[in-house]
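Quick notes on the structure that follows.
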Amino acid sequence: MLETLIHRTLLCMTAGSLMLALVPAPAAAQLEIKNEDVSIKFGIQAQFWADFLQDATAPSAGAQGYQQNFYLRRVRLMMAGDIGHNISFFFQTDDPKLGITPKNLATGFIIQDAFVQYKASDYLQIAAGEMLVPSSRQALQSTLSYYSLDVSAVSTVNNVALQESALRDMGFQARGYFLDDRLQYRGGVFEGERDANGRDALRPALYLQYDFFDREKEYAYVGTALGKRKILAIDLGGDKQSAYRSESTNVASDTPIRGGDEVGFNVQYLHFDGRQKFTSIPDQNNFLAEAAYYSHKTKVQPFVRFETQQFVAAANNGKDIHRAGGGVNYYLRGQNLKLTAQVLRSLPQNGSLIRPGNDFTLQVQGFYF
């Protein structure tokens, strides 16, 4: 039953993608409104998933079935622009997980990003609004270009408790570049969790990165650059609110080889501790490692991924979990039209309480901006 569904899904997604690929490419010009002082451009991102998730039931519960979901993981409308030479803005909506169980096709769009930025100099750019919180590399990474399918679960454990919207929060941020633009900082103050009277402490965050080769000055960092950039970056980051703390460190590398191929990897450590502020975030040490090889001739990129969530307190050791898997990306037209297939296996470290389970996902990504 599952194999038949997977085969049919893969056939439909491949056929649809091939039909899209045969449509003549539009002119290279950006969809843009422009005059002497103002320029505005528009874009869209859509990621359709066919996901088969195995139930994490205890052995006594009998056979493990698969939850089957067809849904839009992301569907976004984007708008960005410049007003004069030193004022810019970015606005983005999303309707995340549209159609996921329990099925709902009328959830409506939310505002994902909405901020304006003033550039005083290369050393100081000030932004205000809703934006990605600068606490870790993965929190600042573009959802378009992960090596693997999606953001790691070990990177997002603070998202709900701190009332974030997909790793974003309301606040102010300063950003700048030094040492020939190799050293960059992002630091800000954000809302974080708000109680009924709004008197909670604010949430500061700080991120430092050093680029050894190509500089990364974009709002959201790339994962894979598909052989077009040489990236080696190291970083430190973290955030806090009252007693809560997080820290992160990361090494990211994209190395072009063989006239257009790429070897890429990302290794990240994160520490979260909600302390008495957020009891839903136990003290934990999390690791993520992923690697990929892109072949520019075949447009194929196999990848592997391993992540682990390890809790410090002995009472929470039963919650420890590993996840391991891999898959392949096929770039029909770069990130503008991409197919992904991934298998990720969850390995709970708690004996027989919860079974290991598989998650098989197919994705079609469409993008223009």
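Observations on the structure shown:
- Scanning segment 250-270 for residues that are touching a residue at least 24 places away in the same chain (Cβ under 8 Å), in a strand (DSSP E or B) and not aliphatic (A, V, I, L, M) returns Asn250, Asp254, Thr255, Pro256, Asp261, Glu262, Gly264, Phe265, Asn266, Gln268.
- Looking only at segment 188-206, and only at residues there that are small (Gly, Ala, Ser) and buried (at least 16 other Cβ atoms within 10 Å of the Cβ), the one that is farthest from Ser136 (Cα to Cα): Gly192
- Residues of segment 96-138 that turn out to be open to solvent by less than 20 Å² (accessible area, probe 1.4 Å), assigned to a loop (DSSP other than H, G, I, E, B) and not basic (Lys, Arg), as a count: 5
- Residues satisfying the stated conditions in segment 239-274, i.e. exposed (fewer than 15 other Cβ atoms within 10 Å of the Cβ) and either touching a helix residue (DSSP H, G or I) at 6+ places or on another chain (Cβ under 6 Å) or within 26 Å of Glu193 (Cα to Cα) (or both): Ala243
- So Gly187, is it over 25 Å from Tyr123 (Cα atoms) and under 20 Å from the mean Cα position of the chain (by Cα): no
- Enumeration of residues in segment 146-166 that are farther than 27 Å from Leu339 by Cα, aliphatic (A, V, I, L, M) and open to solvent by 10 Å² or more (accessible area, probe 1.4 Å): Val157, Val160, Ala161
- Checking each residue of segment 271-289 against the condition of being without any contact (Cβ under 8 Å) to a residue 40 or more places away in the chain, outside any loop (DSSP other than H, G, I, E, B) and acidic (Asp, Glu) gives at least one match.
- Subset of segment 97-140 [closer than 14 Å to Phe190 by Cβ and of a type in the set (Asp, Glu)]: Asp113, Glu130
- Residues considered: Thr93, Thr143. Of these, the only one that is surrounded by fewer than 17 Cβ atoms within 10 Å (Cβ to Cβ) and in contact (Cβ under 8 Å) with a residue 12 or more places away in the chain is Thr93.
- Positions within segment 291-311 being surrounded by 21 or more Cβ atoms within 10 Å (Cβ to Cβ) and of a type outside the set (Ser, Thr, Tyr), in sequence order: Ala292, Gln301, Phe303, Arg305, Glu307, Gln309
- Residues satisfying the criterion are absent from segment 321-329 (criterion: part of a strand (DSSP E or B), under 25 Å from Phe265 (Cα atoms) and open to solvent by 70 Å² or more (accessible area, probe 1.4 Å)).
- Pairs with Cβ under 6 Å, 6+ apart, first in segment 303-331 and farther than 18 Å from Asp51 by Cβ, second among the aromatic types (Phe, Trp, Tyr) and at pLDDT below 95: none
- The listed residue being closer than 24 Å to Leu167 by Cβ and in contact (Cβ under 8 Å) with a residue 40 or more places away in the chain, out of Gly43, Gly99: Gly43
The values are calculated or read from the model by the stated rules, or taken from the named source; none is laboratory data. Since this is a predicted model, take the numbers as computed values, not measurements. For neighbour counting, all protein chains shown are included, and Cβ atoms are generated from backbone atoms with ideal geometry for every residue, glycine included. Surface accessibility is based on the protein's heavy atoms, side chains included, excluding ligands, DNA and RNA. Shrake-Rupley method; radii C 1.70, N 1.55, O 1.52, S 1.80 Å.
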